[in-house]
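For reference, the structure discussed in these notes is given below.
The values are calculated or read from the model by the stated rules, or taken from the named source; none is laboratory data. As the structure is a prediction and not an experimental result, all values here were calculated from the model. Glycine also receives a Cβ, built like all others from the backbone with ideal geometry; neighbour counts cover every protein chain displayed.
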Amino acid sequence: MNDSVLGDVSRETIERLELFAELTRKWTPKINLISRNTVPDLWARHIVDSAQLFQYAPTMPQHWVDIGSGGGFPGLVMAAMAAEKTPQTKFTLIESDQRKSTFLRSAAREMGVEVTVISDRVESCEPQQADVLTARALSALGELFPYITRHVRPSGIAILPKGKNHAQEIVDARLHWRFDVQSYQSTTEDLARILVVKDIERD
């Protein structure tokens, strides 16, 4: 466990996350929620890696949207942490795969967290007016911007974990977009960064 990420959460939150990890292990052989070679290192590779995003959120977000939610990373991890820290925050998870949507609803119910799961494509569902949007391992930065501008209110932010190509993604995105971005070191991978993006406009 990474104390800098999960050291200040309650035992109840840790238990929710441990239950989520167990549910992920149980369902992954059936619907491929995560890469099977990452299952032995699921806690660090997926739980802690997702949990670190929470610190970059506004103090009291009203609506948090996770797009391309897949197996619930980071959406359900964020919802579990918010249940303790910002219980007023509404969570919406958008996932087009019906089987994964079923998993998200089932896992949320067992974890005791409230989320709305939209089983639709990100570009097709109603604009969500989010204060915070997250997306993990979905697509390159510039390719995410049409989704972000569709679903984030003008004053909102996107929190995006990125791998070793993060700098090039920023360069590529600036060819077509204007935006403000802050880059933070990932606590789980040396070459990875957490990008906090706002004020996105098409160039």
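Here are some notes:
- Subset of the range 64-100 [over 19 Å from residue 14 (Cβ atoms) and either aliphatic (A, V, I, L, M) or free of Cβ contacts under 8 Å to residues at least 24 places away in the same chain (or both)]: 65, 67, 93, 94, 98
- Condition met for residue 66 (crowded, with 18+ Cβ neighbours inside 10 Å and either in contact with a Ser or Thr (Cβ under 8 Å, 6 or more places away or on another chain) or under 24 Å from residue 190 (Cα atoms) (or both)): yes
- Residues considered: 115, 197. Of these, the only one that is of a type outside the set (Phe, Trp, Tyr), within 18 Å of residue 91 (Cβ to Cβ), touching a residue at least 24 places away in the same chain (Cβ under 8 Å) and surrounded by 21 or more Cβ atoms within 10 Å (Cβ to Cβ) is 115.
- Within the range 42-86, if we keep just the residues that are part of a helix (DSSP H, G or I) and of a type in the set (D, E, K, R), the residue that is nearest to residue 122 (Cα to Cα) turns out to be 49.
- Here residue 33 meets each of (1) modelled with pLDDT under 95; (2) in a helix (DSSP H, G or I); (3) in contact with a Phe, Trp or Tyr (Cβ under 7 Å, 6 or more places away or on another chain) with one exception, condition (2).
- Condition check for residue 142: touching a residue at least 12 places away in the same chain (Cβ under 8 Å), touching an Asp or Glu at 6+ places or on another chain (Cβ under 6 Å) and either closer than 16 Å to residue 58 by Cβ or assigned to a loop (DSSP other than H, G, I, E, B) (or both): no
- Test for residue 51: is it surrounded by 22 or more Cβ atoms within 10 Å (Cβ to Cβ), free of Cβ contacts under 8 Å to residues at least 40 places away in the same chain and aliphatic (A, V, I, L, M): no
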